[in-house]
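Student: One structure follows; several queries about it will come next.
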Amino acid sequence: KDRLAGNYSEAVLMTLIYGVFSIITSVLSTVLMCSAEGENTLMRVLFMEINPSGYLVSLGISFLISILLGLLQAGMAFFYLNMACKQPYSLKDLFIAFRVKPGKYLLISLVIAAIRFFFALPGYACDYFYLINPTDQWMLLSYICQIVGQLVTIPIVLALAQSYRLLLDYPSLSA
């Protein structure tokens, strides 16, 4: 808190830049999920008319995007760690994971994204079956799977949450 005094503008800007990346990727994923060849994609997006094949493509793109956002989270961790330790910091710190030992950060990001995806997979499958055959049973099963998946995922991801900071503090560690 003390380190942020007088530095709120940089911290807020860093968070906004990350948020913009996150929003853009979310919009891209939604457009892919709703798009269908030869149809008005904008109207499909506005009314969330989801195409089953677009949904599968969207899941794959979302997985890749979550890996990319994980790399940016490492950059945010580096920025705030430098700020807290009174080290030089700048907005270009957001991209540190792409410049310094990217393989380590990529592996951590991949593991976290894979854990989230794995435990969300039953919910995704139910969503897909709901798109093909929209019944209340598929929707209910989807909600149950999503809740259970989140209950399992949250403690695991929280256990790994400091991985980027540990790697930043101790660069000799392996991923």
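Student: For the range 107-175, which whole percent of the accessible surface, found with a 1.4 angstrom probe, sits on carbon and sulfur atoms?
Tutor: Values: 3230 of 4520 Å².
The nonpolar share, carbon plus sulfur, comes to 71 percent.
Student: Where a Cα-Cα gap under 16 Å defines reach, which lysines qualify for Lys86, not counting those fewer than 8 residues away within the same chain?
Tutor: Result set, ordered by chain and number: Lys1.
Student: While we're looking at this one, here's another question. For the chain, what is the mean residue ellipticity at 222 nm derived from helices alone (per DSSP H run of n ≥ 4: -39500 (n - 2.57); sum divided by total residues; nearest 500 deg cm²/dmol)? Walk me through the numbers before you get to the answer.
Tutor: Details: 7 runs with 133 residues, N = 175.
Computed ellipticity for the chain at 222 nm equals -26000 deg cm²/dmol.
Student: Which net charge results when you count Lys and Arg as +1 and Asp and Glu as -1 among the other residues whose beta-carbon is under 13 Å from that of Gly149? It would help to have the intermediate numbers written out before the result.
Tutor: On the way: positive: Arg116; negative: Asp127.
Spelling it out: positives minus negatives among the neighbours equals 0.
Student: What does the charge dipole of the chain about its Cα centre add up to, to the nearest 20 debye, if the Cβ of each Lys and Arg holds +1 and the Cβ of each Asp and Glu holds -1?
Tutor: Details: 10 positive and 9 negative charges, 163 e Å.
The calculation lands at about 780 debye.
Student: Another question, if that's okay. Net charge around Asn82, counting only other residues with Cβ within less than 13 Å of its Cβ (Lys, Arg = +1; Asp, Glu = -1)?
Tutor: On the way: positive: Arg3, Lys86, Lys92, Arg165; negative: Glu10, Asp93, Asp169.
Overall, the nearby charge balance is +1.
Student: Using a Förster distance of 45 Å, how high is the FRET efficiency between Asp2 and Ile144, based on the Cβ-Cβ distance and rounded to 0.05?
Tutor: Working: r = 45 Å, r/R0 = 1.01.
Calculated value: 0.50.
Student: Can you sort Leu168, Leu4 by 1.4 Å-probe accessible area, starting with the largest?
Tutor: Values: Leu168 25, Leu4 50 Å².
Sorted by accessible area, descending: Leu4, Leu168.
Student: Taking the Cβ-Cβ separation of Leu151 and Phe21 as r and a Förster radius of 30 Å, what is the calculated FRET efficiency to the nearest 0.05?
Tutor: Here the calculated transfer efficiency is 0.60.
Student: I'd like to check one number: the per residue accessible area of the chain, probe 1.4 Å, reported in Å² as a whole number.
Tutor: Working: 10740 Å² over 175 residues.
With the other protein chains kept in place, the chain gives 61 Å² per residue.
Student: Determine the gain in length on full extension of the stretch Ala175-Lys92; use 0.36 nm per residue of separation and subtract their C-alpha separation, reporting nm with one decimal. It would help to have the intermediate numbers written out before the result.
Tutor: Details: separation 83, 0.36 × 83 = 29.88 nm, distance 2.25 nm.
In short, 27.6 nm is gained.
The values are calculated or read from the model by the stated rules, or taken from the named source; none is laboratory data. Just so it is clear, the structure is predicted and the values come from calculations on it, not from any experiment. Please note: Cβ atoms are built from the backbone with ideal geometry, for glycine as well, and neighbour counts cover all protein chains shown. Note: areas computed on protein heavy atoms with side chains; ligands, DNA, RNA excluded. Shrake-Rupley method; radii C 1.70, N 1.55, O 1.52, S 1.80 Å.
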